[in-house]
Amino acid sequence: MTDPVAIVGGGHNGLVAACYLAQAGKPVVVLEASDKPGGGCRTDETIPGYLFNTHAAAHNIINMTRIPKELDLRGAGLEYVPMDPFATGFFRDGRIVRFHRDIEQTVDSIAEHSAADAAAYRAFMHRAVPLVKLALAGLESGSSLRGVAGAVGSQLKALAQGVRRAGGPVGLAHDLVMPYGALLQTALPSDLTRAPISSFASHSSAGPHQPGGSFYVFWQAAYHLNGQWHPKGGSQSLTTALVKRLEQWGGEVRTGAVVETIDARGGTARAVTLETGERIAASAVITAVDVQTALLRLMDPPLTGQVGVDLGAAHRGNAVQLVVHLATDKLPPYPGARPGDWNGLQSHVDTVEELRRGFLAAEAHRLPDPVSTYCFTPSVYDDSLAPAGEHTVYLACPCAPSEVDGGWEEQKEAFADAMVAQVEAHAPGFTDSILARTVRTPTLMAEELRWPGAHPMHLDISLDQLAFLRPTRKLAGHTVPGVDGLYTCGASTAPVGGIAGSSGKAAALALLKAQPV
């Protein structure tokens, strides 16, 4: 009997890799340390009677790929609901800006408050769209430099447009190395549009002052091109569909299976050993956990030489997310709200400056003040999440310190109060609607899923750690130099983190190329 491919980690990337391998006829076993698969793609009853996503809320990037269609995840029960507007900006003075999938509809919403901001937003999207089209092609091209070059070759028109609209190659280079706060300042007149766009960009765990972060706001165009999506039933629905497909194709998922070592002695990955002492012989191994943990701690012997040194130098910041789950008896009562205003991300960031201060505080291990906050209310279009007439509200602060002076345990409730107060300032009466809450600190999230530093992307998504440079140039192809039969995927590998699945697919294809069925 052929030994299976052992996949270390049952997050969505590990499951995507497993599905492609099983679909091709490979025996596969997925080893997940926690009590159920999913990783950052889980939904739990964190408040009795109410279902909440524990980490990822919206599934955007995976719906920009062919993965759902190629694995027929809809046929496995996965249903995505469009979120339009995909984002709404709320301000203390009562202004509301709606970002619809249609650019002109968005421009019209902005124009209700400022013709200058509306015209500038249209011009900014004109610059951003070709760059995003180029990036989207890269999602499907694999993550090697050759694959990216192929994507560029297939999108020469978009590349030419992007360069021309940026004012030439030097202008484009300048745009890409700028902090996104500076780019927004040069492209848009005021915080009417800058603030909600920066709120979305802060998902990257990067502050508006950090060089090389400009693509996070160019990415706004991706939502106009492809929309934003909610998985019916919560994020766990993607995991459930992947597990169903995997098992139909003969694969296996084992939970509570903590991998202690990956046997790579002699330069070949040949087995994994669990902390129980059980040894699982493998025809190949794919790691779908933090790549530094996988290759520098679990792999025996650990990665050495310059490749190992470079991986050890890959970086993650101290600004991560703190999430608050709220059960409420009504939606946030925004003055002047219209139907649809609760569909997507709801920004409670009034200025880019407050977001900048928040990230700087987090990097200094201090609590931000004010507490930048955004929220999702998925129960507005998914009645499976809450009792009839009640709602789930997911609050997130994107610049909470992973390590904070004084520790989280004594400060978490006051911090959650501050987040609620931030929403209250834009939706008077919101606090009175709260029936129950759960606070999910970075400490909790780090322990729950063994995420170093509680970083949702494992490593920063910066220009030096993106696409064919993620996590490093030598490791971006999902293979490990000097070790046969070992492959990598997950949030810390190419091309990017988030709910994408691209790295899992790329790792599976690399393995199938080396070991055809």
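Structural remarks
- Sole exception among (1) farther than 15 Å from PHE430 by Cβ; (2) small (Gly, Ala, Ser); (3) in contact (Cβ under 8 Å) with a residue 12 or more places away in the chain for GLY336, by number: (1)
- Single residue of region 468-517 satisfying the filter (assigned to a strand (DSSP E or B) and not β-branched (Val, Ile, Thr)) that is surrounded by the fewest Cβ atoms within 10 Å (Cβ to Cβ): ASP484
- Checking each residue in region 446-467 for being outside any loop (DSSP other than H, G, I, E, B) and open to solvent by 10 Å² or more (accessible area, probe 1.4 Å) picks out ALA446, GLU447, GLU448, LEU449, PRO452, GLY453, LEU463, ASP464, ALA467.
- Condition check for GLN220: touching a Gly at 6+ places or on another chain (Cβ under 6 Å) and either crowded, with 20+ Cβ neighbours inside 10 Å or among the charged types (D, E, K, R) (or both): no
- Check on ALA195, touching a Ser or Thr at 6+ places or on another chain (Cβ under 6 Å), among the small types (Gly, Ala, Ser) and not in a loop (DSSP other than H, G, I, E, B): yes
- Restricting region 238-283 to residues that are under 16 Å from ALA18 (Cβ atoms), in contact with a strand residue (DSSP E or B) (Cβ under 7 Å, 6 or more places away or on another chain) and among the charged types (D, E, K, R), the residue that is least open to solvent (accessible area, probe 1.4 Å): ARG254
- Members of region 423-439 found to be open to solvent by 10 Å² or more (accessible area, probe 1.4 Å) and either under 25 Å from SER235 (Cβ atoms) or among the basic types (Lys, Arg) (or both), listed by number: ILE434, LEU435, ALA436, ARG437, THR438, VAL439
- Selection within region 35-54 - within 23 Å of ALA508 (Cα to Cα) and assigned to a loop (DSSP other than H, G, I, E, B): LYS36, PRO37, GLY39, GLY40, CYS41, ARG42
- Residue among ALA116, ALA137, ALA151 that is modelled with pLDDT of 95 or more and either open to solvent by 10 Å² or more (accessible area, probe 1.4 Å) or not in a strand (DSSP E or B) (or both): ALA116
- In region 162-173, the residues that are assigned to a helix (DSSP H, G or I) form Cβ pairs under 6 Å with partners that are at pLDDT 75 or above and surrounded by fewer than 17 Cβ atoms within 10 Å (Cβ to Cβ), at six or more places apart or across chains, as follows: VAL163/PRO169.
- Options ALA57, ALA22, ALA18; residue that is among the small types (Gly, Ala, Ser) and in a loop (DSSP other than H, G, I, E, B): ALA57
- Cβ-Cβ under 8 Å pairs, at least 6 apart or on other chains, region 239-256 side within 14 Å of HIS12 (Cα to Cα) and of a type in the set (Lys, Arg), far side open to solvent by 50 Å² or more (accessible area, probe 1.4 Å) and not in a helix (DSSP H, G or I): LYS244/GLY77; ARG245/ASP72
- Among residues of region 328-344, those that are surrounded by 24 or more Cβ atoms within 10 Å (Cβ to Cβ) and either more than 22 Å from the chain's Cα centre (by Cα) or not in a loop (DSSP other than H, G, I, E, B) (or both), counted: 1
The values are calculated or read from the model by the stated rules, or taken from the named source; none is laboratory data. All of these numbers come straight from a predicted model, not from anything done at the bench. Every residue, glycine as well, gets a Cβ built from its backbone with ideal geometry; the counts of neighbours run over all protein chains shown. Just so you know, the surface numbers come from the protein's heavy atoms only, side chains and all, with ligands and any DNA or RNA stripped out. Shrake-Rupley method; radii C 1.70, N 1.55, O 1.52, S 1.80 Å.
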